[in-house]
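The values are calculated or read from the model by the stated rules, or taken from the named source; none is laboratory data. For clarity, every value in this text was computed on a predicted model and none was experimentally measured. Heads up, the Cβs are rebuilt from the backbone with ideal geometry, glycines too, and the neighbour counts pull from every protein chain shown. Please note that ligands, DNA and RNA were not included when accessible areas were found on the heavy atoms of the full protein model with its side chains. Shrake-Rupley method; radii C 1.70, N 1.55, O 1.52, S 1.80 Å.
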Amino acid sequence: MSEYIYLDIEIKLAEKPNQLSAIYVKGCIEKSLTTIFGEIGGQTEVDVLKFDQKRQRLILRVPKDFYVKLRAAITFIGEFQGVPCNFLVKKASPFLLTLVETHLQFEAASIA
């Protein structure tokens, strides 16, 4: 069994923000984790495996022990760089291969 959960997430924004990049999105998620669960409770590794700026989609990897905390944290994100938004989890799975159909829709650019 996998030690991670993989999530396919779509970001819904009211308008275009100043900077929509994987680093800023990851920072937004980490800030929400820290705000809700505190410095210690919110510390986990959140990896952005793929990011599609045009479609505002990303694939995240999080340890399975923190999956519920991550889902709670992204539920409470209400704005990104001052722009109203919400994060919609399209699919979540312990197996990255189950996201293949979504992964193929992403642009060739990936995040290391």
- Message: Of everything in region 43-67, what is part of a strand (DSSP E or B), of a type outside the set (Asp, Glu) and open to solvent by less than 40 Å² (accessible area, probe 1.4 Å)? Give them in sequence order.
- Response: Val48, Lys50, Phe51, Arg57, Leu58, Ile59, Leu60, Val62, Pro63
- Of all residues in region 68-96 being over 23 Å from Pro17 (Cα atoms) and in contact with a strand residue (DSSP E or B) (Cβ under 8 Å, 6 or more places away or on another chain), which is least open to solvent (accessible area, probe 1.4 Å)? Ser93
- Identify, from the list Ile11, Ile23, the residue that is at pLDDT 85 or above, outside any loop (DSSP other than H, G, I, E, B) and surrounded by 17 or more Cβ atoms within 10 Å (Cβ to Cβ). Ile11
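Residues Ile40, Ile29: which one is over 12 Å from Leu70 (Cβ atoms) and not in a loop (DSSP other than H, G, I, E, B)?
On the way: Ile29 fails: over 12 Å from Leu70 (Cβ atoms).
Criteria check complete, one pass: Ile40.
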